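The values are calculated or read from the model by the stated rules, or taken from the named source; none is laboratory data. Computed from a predicted structure; not experimentally measured. Don't worry about glycine lacking a Cβ; one is built from the backbone with ideal geometry, like all the others, and counts go over all protein chains shown. Heads up: the accessible areas ignore ligands, DNA and RNA and are worked out on the full protein's heavy atoms, side chains in. Shrake-Rupley method; radii C 1.70, N 1.55, O 1.52, S 1.80 Å.
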Amino acid sequence: MRVKEIWKRLPVWLLVAISLTVTLYPLFWILLSSIKPAEEQYMLPAYGFPNSPTFKNYKALAGSMIPVYFKNSVIVTAVSLLGIVVLGALAGYPLSKMRFKGREFIRNFIMLGLMVPVFVSLIPLFSIYNKMGIINTHWALIIPKFGFALPISMYLYMAFFDQIPDSLLESARIDGAGSLRIFCSIILPLSRNTIVTVAIYQFVNVWNEFTFANTFISTRDMKTVPVGLNDFINSYGLRDWGLTFSAVAVTVLPTLILFFILNKQVMSGMTAGAVKG
């Protein structure tokens, strides 16, 4: 029986092994390439271990603009996440638990935001931001994230809020709690996993965002990390791969750390609302 079980599970193990290889190989390649000297970048295969590993590439980052780009990315991401998480919860709660005229229409209208491509807004937004004078500012990147990220965030919140029994909220109202007190004392504590899921999901999108940053930011001191990585291309079109890979390794680190720490909450939040009891 033991042998039969092994043979039955073998296809699953092979599939898992292939998935892990495909997922982890790019990270493995980046880390190896980041500690290779310049002369070994082209001499050795991508998967080859360096003959003379060095951390000079990481030390060189301190003297580049990467710390400035990193700071800009942190500011844009922090403000965007704060707005998305808070506004998404505040909007999702009444649309899920309050009954008022036009509620279903508003819910459906907001969900249309999921189908609007980002690229159709670039020219209109550029024209508006140019008139407002916020081109080459953090707000030029923060405001679009609010608009395009709120629909999916509200959807995740509403999917979870719909699972909370109305009887629980009615009991709180009978005890004299108002809507704001119910939201802060009951809804938010129960929504921890969903809040973490929204935050992580949007963190990845905002941190890696390139299209808006490349369109609305032209001054060097306001660039974010994804756009700033192009600094390592010289005037002849050649790229300093050692510096590039070390910069990429540093910039993907926050996402990996957050996901590994909070992966259980993310999985729980993503499945919230999938099964109704």
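The calculated pair-distance distribution of the chain uses every alpha carbon pair, bins of 5 angstrom beginning at 0, and gives 1, 5, 9, 11, 13, 13, 12, 11, 9, 7, 5, 3, 1, 1, 0 percent. Treating r as the C-beta distance of Ile257 and Ser179 and R0 as 35 Å, the FRET efficiency rounds to 0.45. Ranking Gly48, Leu81, Phe28 by Cα position along the charge dipole of the chain, where only Lys, Arg, Asp and Glu carry charges on their C-beta atoms, puts Leu81 farthest toward the positive end. The modelled label-to-label distance for the pair Leu24/Ile186, using points 7 Å beyond Cα in the direction of Cβ, is 4.6 nm. Couplings for the stretch 246-257, taken from phi via the Karplus curve 6.51 cos²θ - 1.76 cosθ + 1.60 with θ = phi - 60°, read 5, 5, 5, 4, 5, 6, 7, 4, x, 5, 5, 4 Hz in order; Gly and Pro are left as x. When each of the peptides 59-68, 210-219 is scored by how many other beta carbons lie within 10 Å of its residues on average, the order from highest to lowest is 210-219, 59-68.
Across the accessible surface of the chain, with the other protein chains kept in place and a 1.4 Å probe, carbon and sulfur atoms take up 70 percent. Against the chain, whose longest principal axis comes from its Cα atoms, helix 139-161 is set at around 50 degrees. Think of the chain as a dipole: +1 on every Lys or Arg Cβ, -1 on every Asp or Glu Cβ, centred on the Cα centre; then among Ala159, Gly228, Phe203, Ala159 lies furthest on the positive end. In this structure, Ser171 and Ala78 have a Cβ-Cβ separation that, at R0 = 22 Å, corresponds to a calculated FRET efficiency of about 0.05. Full extension of the segment from Leu87 to Lys101, taken as 0.36 nm per residue of separation minus the current Cα-Cα distance, would add 2.9 nm.
Can you work out the accessible area per residue across the chain, with the rest of the protein chains kept in place, probe 1.4 Å, in square angstrom?
Working: 16550 Å² over 277 residues.
Averaged over the residues of the chain, the accessible area is 60 Å².
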